[in-house]
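What follows is a set of notes on a single structure, which appears directly below.
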Amino acid sequence: MKTRRDFIKVSAAGAGAAAIGLSALNWNGVNTAQASNSQNPVSDEEMTSFPTYCEVCFWKCAGWTYVDKNNNIRKIIGNKEDPHCSGRLCPRGTGGVGMYTDNDRLKTPLIRETVNGKQGFRKASWSEALDLVASKMKGVADNYGPESFALFNHGAPGAHFKHLLHAYGSENEGEPAWAQCRGPREVGFSATYGSWIGSPEPTDIRDTDCLVLIGSHLGENMHNGQVQEVSTVIDRGATIITVDPRLSTIASKSKYWLPIKPATDLALLLSWIHVLIYEDIYDKKYIEQYAMGFDQLKAHVKNMTPEWAYGITTIQPDVIRKTAREMANASPSVIVHPGRHVVWYGDDSQRERAIAILNALLGSWGKRGGFYFKEALKVPKYPHPEYPHAHWSWKDNLDGKYPLSAMGITTELLKASIPEFDYKHQIKAWLVAGTNLPLTIPDKELFQTAAQSVEFIAVVDTMPMDITAYADVILPECTYLERYDTIRSAPHREPNIALRMPAVKPKYETKPSWWIAKQLGERLGLAAYFDYDDYEEVLDWQLKKLGTSLEEMQKIGVKIFDRQSGPLYLADGEDYTFNTNTGKIELYSTEFEDHGFDPLPKFTKHPEPEEGFYRLIYGRAPMHTFSRTSNNPNLYDLMNENTVWVNPKVAELWDLKKDQEVWLQNQDGVVSTFPIKVRITERIRWDSVYMVHGFGHKNKKLTRTYGRGASDSKLITNIMTDPMMGGSGMRGNFVTFLTTDPGKEDDV
Amino acid sequence: MRYGMAIDTAKCVGCGDCVVACQTENNVPNGYCRDWVVENVNGSYPNVEIELRSERCNHCENSPCVRCCPTGASHIVKGGIIMVTHNECIGCGACIESCPYDARYSHPEGYVDKCTFCQHRLEKGQNTACVEVCPTTCLHFGDLEDPYSDVSLALKNRTWKVLAPEAGTKPQLFFLT
Amino acid sequence: MKEELFVSGRNIPNIDPFLNIWHWEIPVYLYLGGISAGIMFFAGLFTVLGKEKEMPTTVKWSTFLVPVALVLGLFALFLDLKHQLFFWRLYTTIRIESPMSWGAWTLMFITPLSMVWAASYIKELIPGWKWKLGILDTIEDLVIKTRKPLAWAMMALAIVLGVYTGILLSAFNARPLWNTSILGPLFLVSGLSTGLAAIIWMSKSHFERTVLTKIDIVLIGVELFLIIHLFMGFLAGSAVKIEAAELFLGGEFTTAFWGFVVILGLIIPVILEILELIGFKIPIWIPSILVLIGGLIFRFIMVEAGQITRFLY
Ligand SMILES: Nc1nc2c(c(=O)[nH]1)N[C@H]1C(S)=C(S)[C@@H](COP(=O)(O)OP(=O)(O)OC[C@H]3O[C@@H](n4cnc5c(=O)[nH]c(N)nc54)[C@H](O)[C@@H]3O)O[C@H]1N2
Ligand SMILES: Nc1nc2c(c(=O)[nH]1)N[C@H]1C(S)=C(S)[C@@H](COP(=O)(O)OP(=O)(O)OC[C@H]3O[C@@H](n4cnc5c(=O)[nH]c(N)nc54)[C@H](O)[C@@H]3O)O[C@H]1N2
Ligand code: SF4
Ligand code: SF4
Ligand code: SF4
Ligand code: SF4
Ligand code: SF4
Ligand SMILES: [Mo]
């Protein structure tokens, strides 16, 4: 039995014998020189365009892939009809071409093998690789039951492999979108309004008079539709209030920037609630009609005055009052934005609850300029036999922990993979599709131990990302520009769907996920679940049920449907029942109470950095998506490494110079693998440092991004887990600077 | 007709979409660019201001790059667009030296290249690629002599500046402040 | 604190972080052009003055260097071109406003002229030389007959060439270090001086050397004056000009410029030349070589430093 333990030892011994083994096998084939770019621009008429929706992030903008006469993909342009992008893709979507052209792409299936005691990868045929994965899956099912096989996924491949997993008999599936991303806000909002926020967020930004951002760094967080709508807020001169320890781009465009002391947002939110209530400027009619628990709330925040919050947040009381009044003036056309990546300090569901409550007091839920009532089209399921019953799932391991988690908790699946955790049910093998776990899941030790513990790992990816180094079998998927995928049907003001279709044939020997899933399914005797030759059949069947067809969608790409669920907003005084226990907006959460959690959010103090240490905060750069784009040739051009932002006072203290390379060491002594350049900037508080997530790749096969910048994930070893939903609070980590090379450290 | 562009620094988020869009539209090789984004930070914490500017060739009315070109490869076309004819350019670099905005670069194939205001698109009645893509719609393009063009309207209601006016090139990029 | 950065990661080869599109080829080209201008000017001058006999190196022998230098210079320019296949485009148009075009055309005339001039002395240099083609004899006769008008033309073209080597740079408004009207005269004088240095080095006649050395001392004096003037102009100018001057006043070019160009390339040679005039025995090649090297370094520094300077906005 192979374990990853061997591999990791090998790679830890010096420059990485495994890596040498890989290069000896010429893993990625010949690095063909970049094709000449000398051709003049080609006019749109001389090209053919194919509909797609973007896979560079999860906003899923629809667009057109333009292909010239020589079958080169030249550009991707937004679909004007698409409500997600209105014809304008973000830089990552525009640079999506680079996902296709990147010479470092995975090209063939690869199988781990040991030659003379050294582990490496060798090229394999699809049938050999698929046979191997299927036989391992069979083995797991025979020896432990199919439930012991887990799927880690994110993005489009997920749908295909979830189908395979369920057909095979397991429900152990997780994506970072929950416990590493937006779980807490869905918990907080659904406790309050009985509805998730979901994606895209139903924030009516284009009509708002006051936008309040708690950390959300729209403009760097380049979720397209929101950014576009925010630009109209600036045009209209409406108020933006941004709470962020760093002068984010949007903070610089805001009427108020509240440079809050990190980890104290809940105090600010509670004091805002206090001001609204005790200055009597909340939306009384709305609260009376729709909400319950007001009196408890009022009593709860009695002492949470701006003066109280000032001592905690460092935000001046008069600024707190002024901003609260700004919100009240704009009410109900005001949005206190729920944020998206909200796993910060472990009490995140409660912070999100406070945000939800604040919105309720402002009467913004269901109101123009607040939150609209979203609607999505239900895409009918392509017929298949019923899924077999799974005897257990990750939930059964929890013993009542994280009762409000509604999606798989990735970190729990990892723990279940480690025998030492002694979980009731064990995970024995993984399929990883579209998620780069080593950079995505904080607490690398947990991930690595889990990866060493399981018997088998198959990875479906497009790039030789760090995750592939842990694989036993690597299955190369073609990029989103080269394949069909599921129909995009996301909630919006109007229900709409979008089609993704291949613009060119898959490069190299890559294959789409639907094909890989089907092939595995057939090998596992699950052919009945994949009753089609080509995914086109599935799409055409579904589209016809929706009143269109594959043929039509290939021409238009996006189709908008009429709303069925009623108007976008609540009419004045309209009766409305919320999907909560009480049918009301629950200012006092009965759901939380039932589970033994505080029904009203309480502020708890979080640890602060010791002297010489700074809180590590991180975020997005507008031109990159997590770790997936850092090797993209077009986007690499825009930003080829991350820097660590340091306040000039701190730089002076440490005698740091602009662009000086430093290593970061965290409170647990973990040091960044690579050095990172210093950016000295007034844009950040002196108690924190900031870096963009997604850099510091360790796989040499990523010829551009390898070793560039540092990984925030590696420095996040203290996880503050949300007791309600299992979110990985990542911002309780503190770092200090090492100005000399700490030497090659053992990276096990 | 006189083409010009207005860049709204109050709305630009510095995302670089204009740069990638230009790269893919105009086949600008990796490692090069016809447009770029500058961030200026002024003040001290917590009173800090940021100016974000998407810059490119200014299509100067008084263009030193055209004057200094020994072959006529750099020339002015309709609407005041400064163009470079690739197979007339000898790659002497004079125009690069002459540009106060460092807007030109030497293409790996030898000739000099720079922003063309997407002339090939204007000819077809399309807008420039960078303007078309900008997610914040902070770029405005059009005929400065037409009072109702997007760019004229943008300039009418706002204060603006040009870069390095003292260089005397009469630039046609206007930065809304 | 002020901070300025490219957020789109701009890093264009030879343009960022500062312009560096012109490398060694351009200073070498300017240098060889300057020397050629110097030699041709004095060859023309002493011919017009009717001093062929007294100044044989100046009028005759040194001119053999000129075609070689010009061709090498042109070759250097050619090497600088990035789109060389289209070199000929220089000669399909005349761009009055383009110094580069001027230079190309000036060289177009001056190079054959210098060849003809030198060739017309070849029989004196190599007794028994025979042209293989009859027509060449006819041309030679013609040249010898029209030597005076040709000398005038050569002086005029030499001045154009000498000034051009400076104007090529000074025409660039965008580079504050170059954008000064002093650069034309300065490069002309420096070119004349390096030309003289080359002749002095070659000359075996004491009389000729003395005459030329006297002229050189005057030229170097003028050059020093122009340099001081240049910096006074910068320091009285706008912020970008002051910044440009600072590259030489404490900045990264300070030692190279004041040490190698001004002291070793101008002041020491002028002292040595004066000493020689008043009777000290100085090996003649020492001041010459110092002037020649100083002139070369001067052009390297000016081209390099000028590209660093730019408008700030
Ligand atoms: N370009 C780009 N855009 C993206 C993505 C991407 O990868 N690239 N990813 C998308 C996804 S999946 C997500 S989830 C979203 C995430 O985007 P958001 O939800 O906007 O992310 P935030 O968690 O708000 O994190 C970033 C901001 O939080 C600030 N911050 C740090 N600590 C604190 C604190 O204690 N209090 C407050 N108030 N602020 C703090 C940081 O300074 C930073 O400005 O972005 C989406 N958009
Ligand atoms: N330290 C730290 N950790 C974080 C965050 C953070 O800010 N800091 N952000 C968190 C958030 S909000 C989120 S949503 C998650 C995101 O987590 P992930 O979705 O895991 O993020 P990526 O790093 O982009 O990894 C995506 C992987 O999918 C692969 N991929 C891309 N396209 C395709 C495709 O078409 N097919 C297949 N098969 N594979 C593909 C990429 O090559 C890459 O390996 O990360 C979370 N983790
Ligand atoms: S926001 Fe950008 S990266 Fe995300 S789907 Fe849209 S275009 Fe693609
Ligand atoms: S695309 Fe628009 S917002 Fe983005 S950098 Fe360019 S001008 Fe600014
Ligand atoms: S910006 Fe530069 S390249 Fe463009 S016209 Fe002006 S001088 Fe010429
Ligand atoms: S490089 Fe080309 S375009 Fe520029 S001046 Fe020389 S010939 Fe003209
Ligand atoms: S106008 Fe066209 S060529 Fe100029 S920067 Fe924009 S996209 Fe590029
Ligand atoms: Mo996320």
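Of the options C:247, C:231, A:705, report the single residue whose Cα projects farthest towards the positive end of the charge dipole of the protein assembly as shown (beta-carbon charges: Lys, Arg +1; Asp, Glu -1).
Of the listed residues, the answer is C:231.
Please report how many Lys pairs in the range B:3-176 have alpha carbons closer than 18 angstrom, counting only residues at least 8 apart along the chain or sitting on separate chains.
Here the count comes out as 7.
Report the FRET efficiency, 1/(1 + (r/R0)^6), for residue A:407 and residue A:113, where r is their Cβ-Cβ distance and R0 is 35 Å, rounded to 0.05.
The formula returns an efficiency of 0.45 here.
Choose one of A:612, A:597, A:583: the residue whose Cα lies farthest towards the positive end of the charge dipole of the range A:582-626 (beta-carbon charges +1 Lys, Arg; -1 Asp, Glu; about the Cα centre).
A:612
Straight-line reach from residue C:53: which lysines have a Cα under 22 Å away, not including same-chain ones fewer than 8 places off?
The reachable lysines, counting only those whose Cα sits under 22 Å from residue C:53, are C:123, C:145, C:148, C:204, C:214.
At a Förster radius of 45 Å, what calculated FRET efficiency corresponds to the Cβ-Cβ distance of residue C:51 and residue B:76, to the nearest 0.05?
0.30
Dipole of the protein assembly as shown (Lys/Arg Cβ +1, Asp/Glu Cβ -1, origin at the Cα centre): which of A:405, C:307, A:417 lies farthest to the positive side?
C:307
Calculate how many DSSP beta bridges within the range B:3-176 are antiparallel, expressed in % of all such bridges and rounded to the nearest 5.
85
Considering amide H positions built from the backbone, and no H for Pro or chain starts, which residues 5 or more places from residue A:496, or on another chain, come under 5 Å of its amide H?
Result for residue A:496 returns A:377, A:490, A:561.
Measure up A:378/A:559; A:136/A:428; A:367/A:559 against 22 Å on the Cα-Cα distance and list the ones that go over.
A:367/A:559
In whole Å, how far is the Cα centre of the range C:106-140 from that of the range A:319-370?
91
Compute the acute angle (0 to 90°) between the alpha-carbon long axis of helix C:99-119 and the principal axis of greatest extent of the alpha-carbon atoms of chain C; round to the nearest 10°.
Once rounded, the angle reads 20 degrees.
Tell me which residues come under 5 Å, amide H to amide H, from residue B:160 once H is placed; ignore anything under 5 positions away on its chain.
Distant-sequence amide H within range of residue B:160: B:177.
Compute, for the protein assembly as shown, the length of the dipole vector about the Cα centre, with Cβ point charges of +1 (Lys, Arg) and -1 (Asp, Glu) only. Units Debye, rounded to 20.
It comes to approximately 2800 debye.
With just the Cα atoms defining each centre, how far is the range C:236-252 from the range A:158-204? Give it in Å.
Between the Cα centres of the range C:236-252 and the range A:158-204 lies a distance of 61 Å.
Loop only per DSSP, at most 15 neighbouring Cβ atoms within 10 Å: give me the trypsin sites (Lys or Arg not before Pro) in the range A:649-718, ordered by residue number.
A:657, A:658
So what's the back-of-envelope 222 nm ellipticity for the protein assembly as shown, counting only DSSP H runs of four-plus at -39500 (n - 2.57) apiece and dividing by all residues, rounded to 500?
-11000 deg cm²/dmol
What pairs in A:302/A:584; C:82/C:132; A:657/C:82; C:60/C:281 have C-alpha atoms more than 29 Å from each other?
Going by Cα-Cα distance, C:82/C:132; A:657/C:82 fall outside the 29 Å limit.
To make sure I understand the rule: partners must be aspartates and glutamates, Cα under 19 Å from the Cα of residue A:545, and not fewer than 8 residues away in the same chain. Which ones qualify?
Hits, sequence-local ones excluded: A:375, A:485, A:494, A:531, A:534, A:536, A:537, A:562.
Taking the highest mean first, how do the peptides A:326-337, A:419-430 order by number of other beta carbon atoms within 10 angstrom per residue?
A:326-337, A:419-430
Which order do A:371, A:674 fall in if you start with the one that has the fewest other Cβ atoms within 10 Å?
Ascending number of Cβ neighbours within 10 Å: A:674, A:371.
Within the protein assembly as shown, what percent of beta bridges assigned by DSSP are antiparallel, to the nearest 5?
Of the beta bridges lying entirely in the protein assembly as shown, close to 60 percent run antiparallel.
Using the crude model of +1 on Lys and Arg Cβ and -1 on Asp and Glu Cβ, and no other charge, please compute the dipole size for the range C:16-308 relative to its Cα centre, in debye to 20.
Its charge dipole is roughly 800 debye.
With a cap of 14 neighbouring Cβ atoms within 10 Å, and only residues DSSP puts in a loop, list the chymotrypsin sites (Phe, Trp or Tyr not before Pro) found in the range B:107-155.
B:148
For the range B:23-177, with only Lys/Arg (+1) and Asp/Glu (-1) charged at the beta-carbon, what is the dipole magnitude about the Cα centre, in debye rounded to 20?
With Lys and Arg at +1 and Asp and Glu at -1, about 160 debye.
Please give me, ordered by residue number, the chymotrypsin sites (Phe, Trp or Tyr not before Pro) of the range A:543-641 that lie in loop per DSSP and have at most 16 other Cβ atoms within 10 Å.
Filter output for the range A:543-641: A:561, A:576.
Arrange B:104, A:615 by Cβ neighbour counts within 10 Å, fewest through most, would you?
A:615, B:104
Once each part is reduced to its C-alpha centroid, what is the distance from the range A:624-664 to the range A:111-150 in angstrom?
Using only Cα atoms, the two centres lie 39 Å from each other.
Quick one: P(r) of the range C:16-308 from all Cα-Cα pairs, 5 Å bins, percents rounded to integers, in order of increasing distance.
It works out to 1, 5, 12, 16, 17, 16, 13, 10, 6, 3, 1, 1, 0, in whole percents.
Rounded to the nearest 10 degrees, what's the angle between the helix C:285-308 long axis and the longest principal axis of chain C, both from Cα atoms, 0 to 90?
Once rounded, one gets 40 degrees.
Any number yet on Rg/Rh for the range B:3-176, C-alpha, Kirkwood?
0.96
Evaluate chain A: find the radius of gyration of its Cα atoms, find its Kirkwood radius, and give the ratio Rg to Rh.
Ratio of gyration radius to Kirkwood radius: 0.95.
Give me A:637, C:80, A:687 ranked fewest to most by other Cβ atoms within 10 Å of their Cβ, as a rough exposure proxy.
A:687, C:80, A:637
Are any of the pairs A:60/A:602; A:138/A:518; A:107/A:518; A:374/A:602 more than 25 Å apart by Cα-Cα distance, and if so, which?
In this structure, A:60/A:602; A:374/A:602 lie more than 25 Å apart at Cα.
Please express the Cα-Cα pair-distance distribution P(r) of the range A:369-522 as a list of whole percents, one per 10 Å bin, running from 0 to the bin with the greatest distance.
9, 26, 32, 26, 6, 0
Read-outs: derived from the displayed coordinates by stated rules, not from any lab. In this text the structure is predicted, and so the values were computed from the model without any measurement. Every residue, glycine as well, gets a Cβ built from its backbone with ideal geometry; the counts of neighbours run over all protein chains shown.
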